[in-house]
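Let me begin by presenting the structure, written as structure tokens, before commenting on it.
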């Protein structure tokens, strides 16, 4: 009888592991930020509803979950690290160090380990801007490596890789030389690479859109443009212009609708400045005729910021000038695009644009037919996804801080974390209300993962697993 009971328990354990909910990439399956979990905690913190906590080196990558494994990246001293943890206990199972032969710049609120890993349950794939892509099996053995770069992105990297069929896809947008690449996930060999000269640096993660008919598409947010590429070949299919600079958004899909947010400093004006093209200015100002403008040749009313000199040669050429022109005339917006068409569909397929109180870094959340936006200062806006109509806009109480973390949701609740580690839990309706505000007493830059009734939340120093006591 004891042996039979043990066998039954063993089989039940196998069933649990087979039906466990995974969170395989940044913001979970499809980048939606949604979980089917029930009985998620409303109140939690370092001393409340903690299943376990594990100290880790810093890094802004989010945890990804598959089976009984958690993967994330970090950095310590000069080391770039990948970790595997046991999901049930938080125990560190292994850590691996990536090669690092260069040290590229990044802004203070970024890290060298910000892109989130992606996993297919057999391997985990990680990207570091200071090296490229590496693939490990579940035991921590390196399967392949693909050096990429060096890159010229003064803020560091934030784009995360995704898996689409047999392809690992990564956006490598930067000041000069932006591109999109797809590699064979089994071998690491590039399958195709598409240059993106029309865009500058960005930090978005692509999404896979599967139309009712026709081939699957990669929806790629980027500076000034939202572009669709054929997944199989990388062929550019259609695009929308008029996007902001430095996009960080993950695209969201509902039926044949696509939603992408873009915000950057200077893009909120209703009347962008009128800036002449480079040829017109060069005719008057290029004294030595070299096709470039030195600081002394620039018009008296033109002041270039250092990051507008894209190749950092101290001279302004047509590429630099046109980038500055596009950047300063770009307008921030959350755009709703109806799928279909080829080429430039800006005038034909945009259903609505929303331009007020937009997030900087956090991607929108589409949950229970409501769009949720979280802006610095703790301003939460809900929209009707069909019309763009504002349903409610209000400031989160006692959480008027900066927000880098994208909202996630499940069990009728939306979770919103501030830089200071204040996690607000909202009722997931258009006329939302705050159910609780939880203090973590540590900085928070990584988007949480939700699965099987647990919230996996990374702060600067720890990874927490929160859940109701069984």
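The values are calculated or read from the model by the stated rules, or taken from the named source; none is laboratory data. Just so you know, these numbers come straight off a predicted model, no measurement behind them. Using ideal geometry, Cβ is built from the backbone for each residue, glycine included, and neighbour counts are taken over all protein chains shown.
Tabulated results
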| read-out | value |
| --- | --- |
| When residues of region 443-465 are limited to those that are in a loop (DSSP other than H, G, I, E, B) and in contact with a strand residue (DSSP E or B) (Cβ under 7 Å, 6 or more places away or on another chain), the one surrounded by the fewest Cβ atoms within 10 Å (Cβ to Cβ) | 461 |
| Unmet criterion (only one of (1) outside any strand (DSSP E or B); (2) within 22 Å of residue 446 (Cβ to Cβ)) for residue 150 | (2) |
| From 84, 96, residue being part of a strand (DSSP E or B) and buried (at least 19 other Cβ atoms within 10 Å of the Cβ) | 84 |
| Number of positions in region 121-132 that are surrounded by 23 or more Cβ atoms within 10 Å (Cβ to Cβ) and assigned to a strand (DSSP E or B) | 5 |
| Test: residue in region 295-309 that is in contact (Cβ under 8 Å) with a residue 40 or more places away in the chain and touching a helix residue (DSSP H, G or I) at 6+ places or on another chain (Cβ under 7 Å) | no |
| Single condition residue 328 does not satisfy, out of (1) farther than 30 Å from residue 218 by Cα; (2) in a helix (DSSP H, G or I) | (1) |
| Tally of residues being out of contact with any strand residue (DSSP E or B) (no Cβ under 8 Å at 6 or more places or on another chain) and either surrounded by fewer than 20 Cβ atoms within 10 Å (Cβ to Cβ) or within 23 Å of residue 448 (Cα to Cα) (or both) across region 133-165 | 8 |
| Single condition residue 381 does not satisfy, out of (1) part of a strand (DSSP E or B); (2) over 23 Å from residue 331 (Cα atoms) | (2) |
| In region 27-54, residue modelled with the lowest pLDDT [restricted to those that are under 16 Å from residue 421 (Cα atoms) and surrounded by fewer than 18 Cβ atoms within 10 Å (Cβ to Cβ)] | 47 |
| Test result for residue 191, touching a strand residue (DSSP E or B) at 6+ places or on another chain (Cβ under 8 Å), at pLDDT 95 or above and within 30 Å of residue 312 (Cα to Cα) | no |
| Hits in region 395-407 (condition: over 21 Å from the mean Cα position of the chain (by Cα) and assigned to a loop (DSSP other than H, G, I, E, B)) | 396, 397, 398, 399, 400 |
| Odd one out for residue 393 among (1) within 25 Å of residue 451 (Cα to Cα); (2) touching a strand residue (DSSP E or B) at 6+ places or on another chain (Cβ under 8 Å); (3) surrounded by fewer than 18 Cβ atoms within 10 Å (Cβ to Cβ) | (1) |
| Flag if residue 103 is surrounded by fewer than 22 Cβ atoms within 10 Å (Cβ to Cβ) and closer than 20 Å to residue 171 by Cβ | no |
| Residues (farther than 23 Å from residue 21 by Cα and assigned to a loop (DSSP other than H, G, I, E, B)) located in region 34-59 | 46, 47, 56, 57, 58, 59 |
| Scan of region 370-379 for residues that are on the phi > 0 side of the Ramachandran plot and crowded, with 19+ Cβ neighbours inside 10 Å, ordered by number | 378 |
| Test: residue in region 100-115 that is over 19 Å from the mean Cα position of the chain (by Cα) and part of a strand (DSSP E or B) | no |
| Filter result (under 23 Å from the mean Cα position of the chain (by Cα) and surrounded by fewer than 19 Cβ atoms within 10 Å (Cβ to Cβ)) within region 422-442 | 442 |
| Candidates 255, 289, filtered to the one that is exposed (fewer than 15 other Cβ atoms within 10 Å of the Cβ), free of Cβ contacts under 8 Å to residues at least 12 places away in the same chain and closer than 30 Å to residue 29 by Cβ | 255 |
| In region 106-120, residue surrounded by the fewest Cβ atoms within 10 Å (Cβ to Cβ) [restricted to those that are over 23 Å from residue 186 (Cα atoms) and touching a residue at least 12 places away in the same chain (Cβ under 8 Å)] | 107 |
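Residue-wise test of (1) over 16 Å from residue 343 (Cα atoms); (2) under 13 Å from the mean Cα position of the chain (by Cα).
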| site | (1), (2) |
| --- | --- |
| 196 | no, no |
| 202 | yes, yes |
| 216 | yes, no |
| 220 | no, yes |
| 225 | no, no |
| 231 | yes, no |
| 235 | no, no |
| 240 | no, no |
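Listed here are the residues, each with its yes/no results for (1) surrounded by 15 or more Cβ atoms within 10 Å (Cβ to Cβ); (2) in contact (Cβ under 8 Å) with a residue 60 or more places away in the chain.
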position	(1), (2)
347	no, no
363	yes, yes
368	no, yes
382	yes, no
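For every residue, the table says whether it meets (1) touching a helix residue (DSSP H, G or I) at 6+ places or on another chain (Cβ under 8 Å); (2) modelled with pLDDT of 95 or more; (3) not in a loop (DSSP other than H, G, I, E, B).
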residue: 334; (1), (2), (3): no, yes, yes
residue: 337; (1), (2), (3): yes, yes, yes
residue: 348; (1), (2), (3): no, yes, yes
residue: 352; (1), (2), (3): no, yes, yes
residue: 361; (1), (2), (3): no, yes, no
residue: 388; (1), (2), (3): no, yes, no
residue: 393; (1), (2), (3): no, yes, yes
residue: 409; (1), (2), (3): no, yes, yes
